[in-house]
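Here is the structure we will look at, set down as structure tokens.
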Amino acid sequence: MIKLDEHDGRKINWFRVFARTLGTSVAVIWAFMVIGGTIEEIITGTQPVKLVSESLTLLLLTVIAILGVIIAWRREKAGGIVTIIGAISIMIFAYYTSLSNKVRVMLVTGGPFIVAGILFLLSMGKSNKNKTL
């Protein structure tokens, strides 16, 4: 009989599976949105310089969070910390640039990265104890 919690005789670390799934999904969505929006603003040149600089700042902060997710695929602790730092930076940026519903905007922009970063840190602790996938 096949056990759902085992792979080749080793326990599956569900925190890691969820962290990788969530982190990668959020990273891909944000990459398309931010990179596409920034490139479009730069190419068309219709936006004021202030909006283009905000887009570039958001692009940089998003790249930091995405790099955290990429790093976390190999090193959960370092990647989780970088992802959380990137998420907090995005949330602070969202707070200062949003016009209304500041808390909601902060949670929508940085929340998924925070959750992914915490899950990576939890998976790191569990994998060190049990030597799992």
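The values are calculated or read from the model by the stated rules, or taken from the named source; none is laboratory data. Given the structure is predicted, the values throughout are model-derived calculations rather than measurements. Positions of Cβ are backbone-derived with ideal geometry, glycine not excepted, and every protein chain shown enters the neighbour counts.
Checking L61, L22 one by one, the residue that is closer than 20 Å to I92 by Cβ, assigned to a helix (DSSP H, G or I) and modelled with pLDDT of 80 or more is L61 and no other. Consider A94 carefully, then state whether it is over 16 Å from F15 (Cα atoms) and modelled with pLDDT of 90 or more. When the stated conditions are applied, A94 passes them. Of all the numbered requirements in (1) among the basic types (K, R); (2) at pLDDT 85 or above; (3) in a helix (DSSP H, G or I), R74 misses one, and that requirement is (3). Out of all the residues in region 32-50, is one or more in a helix (DSSP H, G or I), in contact (Cβ under 8 Å) with a residue 12 or more places away in the chain, more than 24 Å from M124 (Cα to Cα) and of a type in the set (F, W, Y)? Checked against the condition, which is being in a helix (DSSP H, G or I), in contact (Cβ under 8 Å) with a residue 12 or more places away in the chain, more than 24 Å from M124 (Cα to Cα) and of a type in the set (F, W, Y), region 32-50 yields no hits at all. Here E54 fulfils each of the conditions (1) among the charged types (D, E, K, R); (2) at pLDDT 90 or above; (3) surrounded by 14 or more Cβ atoms within 10 Å (Cβ to Cβ); (4) over 19 Å from M124 (Cβ atoms) apart from (2).
Here is the figure for region 67-93: residues that are surrounded by fewer than 21 Cβ atoms within 10 Å (Cβ to Cβ) and within 12 Å of A27 (Cα to Cα) total 2.
Among the residues of region 94-105, those that are surrounded by fewer than 20 Cβ atoms within 10 Å (Cβ to Cβ) and either closer than 18 Å to I66 by Cα or hydrophobic (A, V, I, L, M, F, W, C) (or both) comprise L99, V103, V105.
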